[in-house]
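See below for the structure under consideration.
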Amino acid sequence: MIKVVCGIIVDSNKIFVCRRKSGIYLGGYWEFPGGKVENGESEKDALKRELKEELEMEVNVLNYCGSSTYNYGKYNVELIGYYCSLVDYHGKLTDHDAFDWIITENLLSYKLAPADIPLAQMIVNQFIIPKNYE
């Protein structure tokens, strides 16, 4: 089981997602950015490090959002999501070729990586008020 952390980065009521570059594993899929937790590293520290390395992004890691597991065939992934607030980002992409800030209602319309889908469903369920309650 590979432990991976991802940031559910929220700014101005929108959520940040990145699209993986074509030619790499899961190329063309959108995901919440993050990466592997290294031995002896806390989940929050790993998330801050990965976002800094891959995106030159600074965030405040806030609360635990949820987790999912997915079997990608050769390995299993445990994806652990944390809500984050944005501190600084200037558009750098390393493993990705695009990013977007999207409203919660549109999150599930993106072609998300399989491990990210359960987290996206949790987020949508937490943030959308059912129409009959408006």
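The values are calculated or read from the model by the stated rules, or taken from the named source; none is laboratory data. In this text, all values refer to a predicted model and were calculated from it rather than measured experimentally. Counting neighbours? That spans all protein chains shown, and the Cβs are built from the backbone with ideal geometry, glycine included. Remember, those area values only see protein heavy atoms, side chains included, never the ligands or the DNA or RNA. Shrake-Rupley method; radii C 1.70, N 1.55, O 1.52, S 1.80 Å.
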Percent RCO, i.e. relative contact order, over the stretch 29-80, from Cα pairs under 8 Å lying at least 6 residues apart: 21
Can you pull out the trypsin sites (Lys or Arg not before Pro) in the stretch 47-110 that DSSP calls coil and that have at most 15 other Cβ atoms within 10 Å? LYS74, LYS92
From the phi angles alone, apply the Karplus equation (6.51, -1.76, 1.60; θ = phi - 60°) to the stretch 115-123 and give each ³J(HN,Hα) in whole Hz, x where the residue is Gly or Pro. 5, 7, 4, x, 5, 4, 5, 4, 5
When each pair of different Cα atoms in the chain is counted once in the 1/r mean, what is the Kirkwood radius in angstroms, to one decimal? 15.0
Accessible area in square angstrom per residue, the chain, 1.4 angstrom probe: 56
Given springs between every Cα pair under 10 Å in a Gaussian network model of the chain, which of ILE24, ILE102, ILE123 has the largest fluctuation? ILE24
Give me the percent of the accessible area of the chain that comes from carbon and sulfur atoms, probe 1.4 Å, all protein chains in place. 47
Could you give log10 I(q)/I(0) at q = 0.17, 0.29, 0.32 Å⁻¹ for the stretch 69-119, computed by the Debye formula over C-alpha point scatterers of equal weight, without solvent? -0.77, -1.24, -1.22
On a full-extension model of 0.36 nm per residue, what is the gain between GLU78 and VAL124, subtracting their alpha-carbon distance, rounded to one decimal in nm? 14.6 nm
Check cross-link reach from LYS44 to the lysines: straight Cα distance under 28 Å, and skip same-chain residues fewer than eight apart. LYS3, LYS14, LYS21, LYS36, LYS52, LYS74, LYS92, LYS111
The stretch 35-134: chymotrypsin sites (Phe, Trp or Tyr not before Pro) falling in loop per DSSP and having at most 11 other Cβ within 10 Å: TYR75
Is there a quick way to get the dipole size of the stretch 1-114? I mean about its Cα centre, with the Cβ of Lys and Arg at +1 and of Asp and Glu at -1; what is the value in debye to the nearest 20? 320
Just want the answer: with Cβ charges of +1 for Lys and Arg and -1 for Asp and Glu, which residue in LEU93, GLN121, ILE103 is farthest toward the dipole's positive end in the chain? GLN121
Between TYR64 and GLU41, what length in nm is gained on full extension when 0.36 nm per residue of separation is reduced by their alpha carbon distance? 6.6 nm
